[in-house]
Structure formats: C-alpha cells, structure tokens
Amino acid sequence: MSSNKSMRPILLTGHERPLTQVKYNREGDLIFSVAKDQHVCVWYSSNGERLGTYDGHKGTVWSVDVSLETEFVVTASADFSGILWNAENGKILYTWNFNSPAKRCELSPDNKFLFFLTDQAMGQVGTVKIFQLNTSDLSKQSDEPVLEILNKGDASIKPTVAAWSYGGKYIITGHADGSITKYDATTGEELNRVKAFKETVTDIQTSSDKTYFVASSKDQTSRLYDIDTFELLKEYLSDAPVNSACITPVKDFVLLGGGQDAKNVTTTAGGEGRFDCKIFHKIFEDQIGRIKGHFGPINCLSTHPDGHSFVSGGEDGFMRLHHLPKSYLDFQYEVEKTAEALQHQNNENPDALKVDA
Amino acid sequence: SDTMDTNAALRELILQRKKLLNDWKSYRSKTIEKLDKFIIKRKEIELEKVKTIKEVIIEENEEVIE
C-alpha cells in the first residue's frame, strides 16, 4: 500500500478561520495562504512546515499574490486595504486604502502592474483598480491607479473575481450574475462578455501560459475558455457548488473544489456535503478521481508549478497538501498512450515517415 | 483493435476521444504559435525604443566636433 501512503495529505494547521486563497510561488517551494482570521501565512511546500506569518491586516484577507522572485507579497483585505509586504522579513512596504473591501489582487505577469478588485458595497461601485508598481523603491507607491474598470450595473452583476491574461494584455473578470468579461488592460475597453453560468462566478485561474482559463461557479459547473476568442472550450459538471478550479500543468487535468454551503448540508439528501476535490480530464471532460478529506466546503485550490502537488484550503480552517503519487502522474487514457507512442515513433525514426509517403 | 471490432459503442467512444485529443493538440499548437509572435513583436517594440535614444546621443557628438 505504498501508493496510499504517498498519497496521504499533509494537514497544514495554523489558520483559525476559513481559508480564502492559497497560492504557490513560481519556484514552487513555498505556499502562501490567507483566511478570514486576518493572518497571511507562508509554508514550505515540501513538508508543510510553517515558515512564518505576515501580520497587519485587521479583517478577513481575501486574496494573496507573490512576485516572480518571491521578493514581495501583495494581499487584499476586507479591512478596506491592500498591503505590499517584504516577503523575506514580513515588513509592510506599502498600504493602499480603499472605500470598500478589497476582494482580489494579482500581479501582472511581468510584475510591473497589479490590480485590486474592490467590492460593490458601502455605496461604492465594484472596480478593478490597476496600479503601476514602483519596483525601484517598493515602499514608495502611487495611490492613483493608472486605470479603473468600473462595474456598469447594480450589485447583482458586480465583479467577484479577476485575473490577468498573457502579456498583461487583458483583465478577465467573473461576475455575481455568472457572466465573464474581458477588458483591454491598457484602455479598460470591454471586449467580450458572456453569460457563462447561472450563478455567481467563484474563481478564475489561468493556464501556465495565461492563454486560456478555467472559471468556476456556484451553479455546480466549471468551464474552460480561450482568452483571445472567448470561445467555450470545455465544461466540467460537478454535484455541488464549485468554489475553486485550477488547471494542472504537465497533466491534462482540471481540479474542482467546493461543496454544499453549511446552511444547506442538512437539507441535502443523505446529509452529504460533497466536500471532495474532484479531478477531471481537461480534454475529455470526464471525472477521473476525487480526493476526500475536508469536513467543510473547499474554498480555494492551487497547483504546484510543476504539477507534482496541489493544496486545498477549506471552510473548516484546514489546508491539505497533496503530493501526487506516480500512479496519478502516469495515468493516461488508451488514446493518449497511442498518440504518444506514435509521436515517439515518428521522432525517433524519421525514415518511417518517408516510406509511408 | 479487437475491442474496437466487437463493441460498437466503445469504438465510438475511442474515436471520439481520439478526435478530442487531436482537436486539443491543434488548438494548443496554434495558440503557442500566436503567443510566440506576440512575444517577438513586444521585443521589437522595446528594441526600437532603445534605438531612438542612441540617435539622439550621436547628434550631440557632432555638435561638439564643429
């Protein structure tokens, strides 16, 4: 049963409240996590040991991102602020103050810009605020965004999540009414809008090259879209609200996490909460596996940049770090094996092609 | 190929998956090509900016010689 042993997850205990976002750094040696307990934590991805915390927020921390070289960390919080931290010593480099909670933040692919998504609440309009980062002196930032993308409707269509595309070219947003939108990141012009889901969009995560993305929704589905064409590529059907979804590098898989909201669990048949993480085949859209463990809904998911591990953060306050066994990484459909074998044959023996021709 | 002959439904499924796999591969290769062009274009734009700065400096040198 060695495969079972290697699959045993590492429980990351440290947060006292539901997790809101988890993220690996580019190198993959560290995991950053934020929760409703106001703390930002950083962990070693190899053994799950906590390396440290960043203290300074006074409310739920909704979102976290880390720079390419793990020099600085950025967070968005319900305390109406966004903070730029020195990753190494946890010191606050800069604080942006807003008029409503900051729900999401993300650095542009080149780390020259970042956005904060501020909530449509307290009489404010839901807005994506893009700031230019002063990288020569991180403690001296501008309070003036270079661009603001405002929600054009009422709170029922407010943006809930957002992400950068390849080259920092576009901003993709997910909305409370289930629609997804693409904006030009330099002009703010709305380029595409699709009613992708029946209910609110809970997460948007891009592929490694940021040319396509997966979006998840409370309507129990998740969908894969091309960024340039905004064409629907794939759809994954779950049996519970999906709170987070991500695309695994190396393997053609998509991970979905969610579960029944606590208030609805007792009304569900059999009392099942369906708090498992589901593995789907990205291309064939089939569910090929599921990983149980959390005893509340999964709120957030993130995969290691080389695809060998992933981490989930739950409403139960725990993080579960899974190092994937060889059987998972070796798994292939027959057609995939055949296709790979054919490619090898063609690569290794170019003469074989000539004979056929 | 034996199972493909005996079970029509399975045959259909395998062919369908083969098609999906090929469609995905061609989608990805097109995207990667597009992305490469985009990156090259960005680099060219950056290089042009550098060239403009060089031209200005050369003009200043000519004035000193006179």
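The values are calculated or read from the model by the stated rules, or taken from the named source; none is laboratory data. As the structure is a computational prediction, the values presented were derived from the model and not from experiment. When we count neighbours, we look across all protein chains shown, and the Cβ atoms used for this are built from the backbone with ideal geometry, even at glycine. Surface accessibility is based on the protein's heavy atoms, side chains included, excluding ligands, DNA and RNA. Shrake-Rupley method; radii C 1.70, N 1.55, O 1.52, S 1.80 Å.
Answer yes or no as to whether A:Thr70 is at positive phi, open to solvent by less than 60 Å² (accessible area, probe 1.4 Å) and in contact (Cβ under 8 Å) with a residue 40 or more places away in the chain. Taking the combined requirement at face value, the residue satisfies it. In the condition set (1) in a strand (DSSP E or B); (2) touching an Asp or Glu at 6+ places or on another chain (Cβ under 7 Å), A:Gly59 is compliant with all but (1). One residue stands out among those in segment A:309-346 that are free of Cβ contacts under 8 Å to residues at least 60 places away in the same chain and assigned to a loop (DSSP other than H, G, I, E, B): the one that is farthest from the other protein chains (Cβ to nearest Cβ), which is A:Gln332. Restricting attention to segment A:142-159, the residues that are touching a strand residue (DSSP E or B) at 6+ places or on another chain (Cβ under 7 Å) and open to solvent by 30 Å² or more (accessible area, probe 1.4 Å) add up to 8. Within segment B:11-22, at least one residue is away from every other protein chain (no Cβ under 11 Å), part of a helix (DSSP H, G or I) and open to solvent by 80 Å² or more (accessible area, probe 1.4 Å). Scan segment A:62-73 for residues that are more than 15 Å from the chain's Cα centre (by Cα) and among the β-branched types (Val, Ile, Thr) and the total you get is 2. Highlighted here are the strands (runs of 3 or more DSSP E) found entirely within segment A:207-262 that include at least 3 residues which are buried (at least 19 other Cβ atoms within 10 Å of the Cβ): A:212-217, A:221-226, A:242-247, A:253-258. Only residues that are among the polar types (S, T, N, Q), open to solvent by less than 20 Å² (accessible area, probe 1.4 Å) and in a loop (DSSP other than H, G, I, E, B) were counted in segment A:12-42, giving 1.
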